[in-house]
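What follows is a single structure, written as structure tokens, with notes after it.
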Amino acid sequence: MRVARLLPVLLTVVLIGLLGAPAASAKPPFRIPDYITDETGTLSAAQRSEVEDAVNRLYDQKRVRLWVVFVDEFGQSALSWAQSTMRLSDFGDRDALLAVAVTERAYAFQVPTAVMSQSAAESLQVDRIEPALRADDFAGAAVAAADGIAGQTASRTTAPSGSPAGTPGTSGKSKGSPVTMIVILGVLAVGVVLMVLWSRRRRGKRRAADLEAARKLDPADPQALASVPIDALDDLSRLIVVDVDNAVRTSESELTLAEDEFGTSQTEPFRRAVGNARTTLAQAFNVRQTLDDSVPETPQQRRDLLTRVIVAAAKADHELDAQSEAFEKLRDLVINAPDRLDALTQQMIDLMARIGPAEQTMATLHSQFDATALTSVEDNVATAKERLKFAEQSISTARGLVARPAGQQMGLVDAIRAAESSLGQARGLLEAIDSAGSDINRAVATLPSAITDIQNGIDEAAKQLQREPTSYRAQLTSAHAAAVAALADAKAQGNTDPLGVFTRLTQADARLDQLLASADEERSAKERLSRAYDQALFTAQSRVRGVSDFIDTRRGSIGPEARTRLAEAVRQLQAAQDKKMTNLGEAIAHANGASTLASQAQSLANDDVRAAQRSYTSGGGWGGGSSGGDLGAVIGGIIIGNVLGGGRRRGGFGGGIGGGFGGGFGGGRSSGRSSSYGGASRSSGRSYSGGGGRF
């Protein structure tokens, strides 16, 4: 169907090419949209690329923008058309133009005199641009213009006359016979079929690659799936529901066997996980059914549904994975029960042997420290004996269950795990006795330094609370009070319960230090922000003051754009000062904005002054013979009121500058035109070299 829809379009293109294009018409001046504008189809793809390279090369080397335009007809003089187009396109001091009317064989070449003198531009036209145009080598003419402005020699060979490179004949158009048309259509049809087959194969390979990449993502993360193409998302959803459904079915079969072996109490977590996975997977299948029904969805709806399928299936898979390791350990525990019970029995014997030494250690500690200091370990020996007795009973029960046939061992896992837990707790109780003495002695030795540290923290917190308030004030006040209480407790009970006192002291000190560090960091950040504000404000004030002085002393030549930027810069500067006390971040942003606007105002003001100076020079001075002092007085606005205010002096000044003061200086522009072919022209207050004519 795609081929059927494409063939009429191809036929239309071919027929237009064979029968010829409609007659050309004049193109009025317009705003140039791009550096190369070819409305005639004069340039081939290769030629266009060649011209683009030359234009880019010119800009990289000289920072000059060359604009190349090909139209059928100008409908007026080439130079007049070019100057109008340049004004509409807002050309600046670094913009040049090569405009060619292909059908009427006319052209214009304009380059700012600041970039190229008139003699150099005329030489470039006569020696390189015009010969290329006469030979219908339009791409060569554009390249010659770009390279000539850059000061380079010719980098290509001009095509023979009447046959531009890549363009048959002078007009680039030809007509063919019906046989030729049939051959072309046949070739196009074969090409379309081959393109369709190649496109399908390429899409298949790309889809497979996308699916492979999608399988490496976390399927439970919707954000990760958002970047997957929708076709790959569809493939992934189909794969994952099948894989997870198989996993659920396998888990259900294994769970049935496990319940017969271990009972329902031991397998309840696994039964719950399988049930949750089955429910979640059912939701995924429901969404998949919605996708497969006859009701179409929008692309976004389809993406959302596919994402729900994949995320739901992945969640079901995670339910099973979360219990798989525990399930494997449960089965291993029964299979290896005899060996496991032997190991537990040996652990119990070793721990029983530690009871006597632990009792002796406790007696020694009681002789060294107050009973309050030993509260945490006072009953450890008795409690350890109880845990060992329970472990012995559990081991005995487990051995009895191991001797039963498979399927009659219910309770075996509970007995083994009870023995493991009891032995672990007994071990911890005895180890706490062994470490109690060293811990208490260490606390006694380090308590003086801990007291000193927390006292320093208390003093620092008190100073901090007296300074400028911070967002941590309430927390710091609470921590300060807790530290004071801990210090008093340490001084009162340091000898009675050194370990407990030391623990409470270090906890209070750590909390206090943390809040002090946060408050210090906040204060430092505020100080840095304040310094940044001072710098930004100073810079903004300097730039605003500088451009204001510049405009004030040259106000006779400065237009509204620069003044507008300055006014906005002043407003931003005031906003920066107003925001200082409430929001330093916004204040800095306003100050930086003022600096940027002031810089723009300075640049615009510079342009206006240069334009005024050029207008004065090209007009021969004020009245044709005024001194340089007149120009300074006009630019400085010293006599601007007499001229712009409507009170012209009697006799005037020779009609103003460039045919009128208001038109010459107010916007920095002049309406003067070139008086002869090849002469310098002016556009928008700028002087241009070059010219135009026929080729």
*Accessible surface of segment 418-538, 1.4 Å probe, proportion on carbon and sulfur as whole %*: 52
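Give me the net charge of Ile454's neighbourhood, meaning all other residues with Cβ under 12 Å from the Cβ of Ile454; Lys, Arg count +1, Asp, Glu -1.
Cβ neighbours under 12 Å give a net charge of -3.
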*How much length is gained on full extension from Val242 to Ser123, taking 0.36 nm per residue of separation minus their Cα-Cα distance?*
35.1 nm
*Rounded to the nearest 0.05, what FRET efficiency do Ala575 and Glu522 give with R0 = 22 Å and r taken as the Cβ-Cβ distance? Could you check?*
0.30
_Below 8 Å between Cα atoms, with a sequence gap of 6+, how large is the relative contact order for segment 452-594 in percent?_
22
*Grab the Cα-Cα distance for Ala445 and Val192, subtract it from 0.36 nm times how many residues apart they are, and report the gain in nm with one decimal.*
82.0 nm
_Set Lys463/Lys491; Lys385/Lys491; Lys389/Lys491 screened for pairs whose C-alpha atoms are more than 32 Å apart_ = Lys385/Lys491; Lys389/Lys491
*Determine the per residue accessible area of segment 469-623 with all protein chains present and a 1.4 angstrom probe, expressed in square angstrom.*
52
*With just the Cα atoms of segment 34-160, tell me how far they stretch along each of the three principal axes, in Å, largest first.*
32, 32, 26
*Overall form of segment 350-490 per C-alpha gyration tensor (a/c, 1.5; a/b vs b/c)*: oblate
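Roughly how many percent of the accessible protein surface of segment 335-400 is carbon and sulfur, given a 1.4 Å probe and a whole-percent answer? Spell out each step's value before the answer.
On the way: 2000 of 3820 Å².
Taking all protein chains in place, segment 335-400 shows 52 percent carbon and sulfur surface.
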*Which semi-axis lengths, in whole Å and largest first, follow from the square roots of five times the eigenvalues of the Cα gyration tensor of segment 101-146?*
19, 11, 9
*Read phi for every residue in segment 310-319 and hand back ³J(HN,Hα) as whole Hz from Karplus 6.51 cos²θ - 1.76 cosθ + 1.60, θ = phi - 60°, with x for Gly and Pro.*
5, 5, 5, 5, 5, 5, 4, 5, 5, 4
_Part-to-part distance (alpha-carbon centres) for segment 547-595 and segment 339-401, which is given in Å_ = 81
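The values are calculated or read from the model by the stated rules, or taken from the named source; none is laboratory data. What you are looking at is a predicted structure, and each value in this text was computed from that prediction instead of being measured. For neighbour counting, all protein chains shown are included, and Cβ atoms are generated from backbone atoms with ideal geometry for every residue, glycine included. These accessible areas exclude ligands, DNA and RNA; they are computed on the full protein's heavy atoms, side chains included. Shrake-Rupley method; radii C 1.70, N 1.55, O 1.52, S 1.80 Å.
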